1. Pairs please, first residue from the range 130-150 and without any contact (Cβ under 8 Å) to a residue 24 or more places away in the chain, second anywhere and part of a strand (DSSP E or B) and surrounded by fewer than 17 Cβ atoms within 10 Å (Cβ to Cβ), Cβ atoms under 6 Å, 6+ apart in sequence or on different chains.
2. Among (1) β-branched (Val, Ile, Thr); (2) modelled with pLDDT under 95; (3) surrounded by 15 or more Cβ atoms within 10 Å (Cβ to Cβ), where does VAL123 come up short?
3. Looking at this structure, is PRO103 touching a strand residue (DSSP E or B) at 6+ places or on another chain (Cβ under 9 Å) and modelled with pLDDT under 95?
4. What is the number of the single condition among (1) touching a residue at least 60 places away in the same chain (Cβ under 8 Å); (2) not in a loop (DSSP other than H, G, I, E, B) that ARG77 does not meet?
5. Residues to consider are THR252, THR217; find the one that is in a strand (DSSP E or B), touching a Leu at 6+ places or on another chain (Cβ under 9 Å) and either within 30 Å of ALA138 (Cβ to Cβ) or modelled with pLDDT of 95 or more (or both).
6. What are the residues in the range 66-89 that are among the hydrophobic types (A, V, I, L, M, F, W, C) and open to solvent by 70 Å² or more (accessible area, probe 1.4 Å), if any?
7. Only residues in the range 99-114 that are at negative phi count as the first member; pair them with residues that are open to solvent by 60 Å² or more (accessible area, probe 1.4 Å) and modelled with pLDDT under 85, Cβ under 7 angstrom, at least 6 apart or cross-chain, and list the lot.
8. Among the residues of the range 140-170, what is the count of those that are out of contact with any Pro (no Cβ under 9 Å at 6 or more places or on another chain), within 30 Å of LEU209 (Cβ to Cβ) and open to solvent by less than 50 Å² (accessible area, probe 1.4 Å)?
Amino acid sequence: MARRHRFSSLLLLTSLLGTGCAMAGPADGSGDSDTKADSHRPSVPAPALASAYIAALTSHAVTADLDGTNRETFDSRVDGFVIPITTDEGVTLYFQPCHIELPEVGGRKPSLDDVTVQARPAVELAATFSEDADGQLALATESGALLLGVELEDAINDELPTSGDDPRVVDHDADDEPGVTIGIVGFEIYLGARARMWISGDVDPTTGLIAGEADLTIDAEIYDDSIPFVDARANAEEAKNDDSREVVESETAFEFVPVSEVPVNCAAIGF
């Protein structure tokens, strides 16, 4: 079970689609996700790592009315590859996203163009290593951030622009609309988004597989939409104040599978 998980992304999607569902917060009551995943173990030097890893980060959440009824399940996924770089200052994992699978809401499937995702810089995750009393090697990282439709001086801590006219809003998908475009059943939402993440898991000494828990926090601001007779931005704001539903289950996990050759791009791993 992930120790921290926010659901602003799900709140955004459900408000857009008119389900009236708002997320009350993490099921475990934990706090901010903007800190590193700490292992509480003594640090050890970085081990020999693979040249690259195929990466998957998965998120599962269930929401319900406050009485436990009307449960809805939301599953999302980020696929990509990771290249570890070791310097005198330590190890940094460069996580290149290739595909983002957004959760289906109310029978509708939002989509984000892979070309836009793949054109963004890799997420930088500063890593540390530790061992437990039995010699099990663990990896933990600081937070990193993926920005879509916005550019921020401090990618982790700066607030997202609230207006499409803000110079920090960038047309990353080059479609002459503010921010990035999310497609929903023939219509479009134009927004800025930030995905903050960290990981914490164990390293398999035999296979080199690295897997464990993760944190994925997605913040978003709507700037415009093409949906007739619906004000998506206003609906999202209204949903933020709706406390009639809560998150009853949440889990976010990651898996890094080692590969011998560094992928030159996302097409090399099937995206």
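The values are calculated or read from the model by the stated rules, or taken from the named source; none is laboratory data. Note that the coordinates shown come from a computational prediction; the quantities given were computed from them, not determined experimentally. Don't worry about glycine lacking a Cβ; one is built from the backbone with ideal geometry, like all the others, and counts go over all protein chains shown. Protein only, heavy atoms only, side chains kept; ligands, DNA and RNA dropped before computing areas. Shrake-Rupley method; radii C 1.70, N 1.55, O 1.52, S 1.80 Å.
1. Between residues of the range 130-150 that are without any contact (Cβ under 8 Å) to a residue 24 or more places away in the chain and residues that are part of a strand (DSSP E or B) and surrounded by fewer than 17 Cβ atoms within 10 Å (Cβ to Cβ), there is no close pair.
2. (2)
3. Working: touching a strand residue (DSSP E or B) at 6+ places or on another chain (Cβ under 9 Å): yes; modelled with pLDDT under 95: yes.
Answer is yes for this residue.
4. Every condition holds for ARG77 apart from (1).
5. On the way: THR217 fails: touching a Leu at 6+ places or on another chain (Cβ under 9 Å).
Exactly one of THR252, THR217 is in a strand (DSSP E or B), touching a Leu at 6+ places or on another chain (Cβ under 9 Å) and either within 30 Å of ALA138 (Cβ to Cβ) or modelled with pLDDT of 95 or more (or both), namely THR252.
6. LEU66, ILE85
7. Going by the 7 Å Cβ cut-off, the qualifying pairs are ARG108/VAL185.
8. Going through the range 140-170 one residue at a time, the tally reaches 8.
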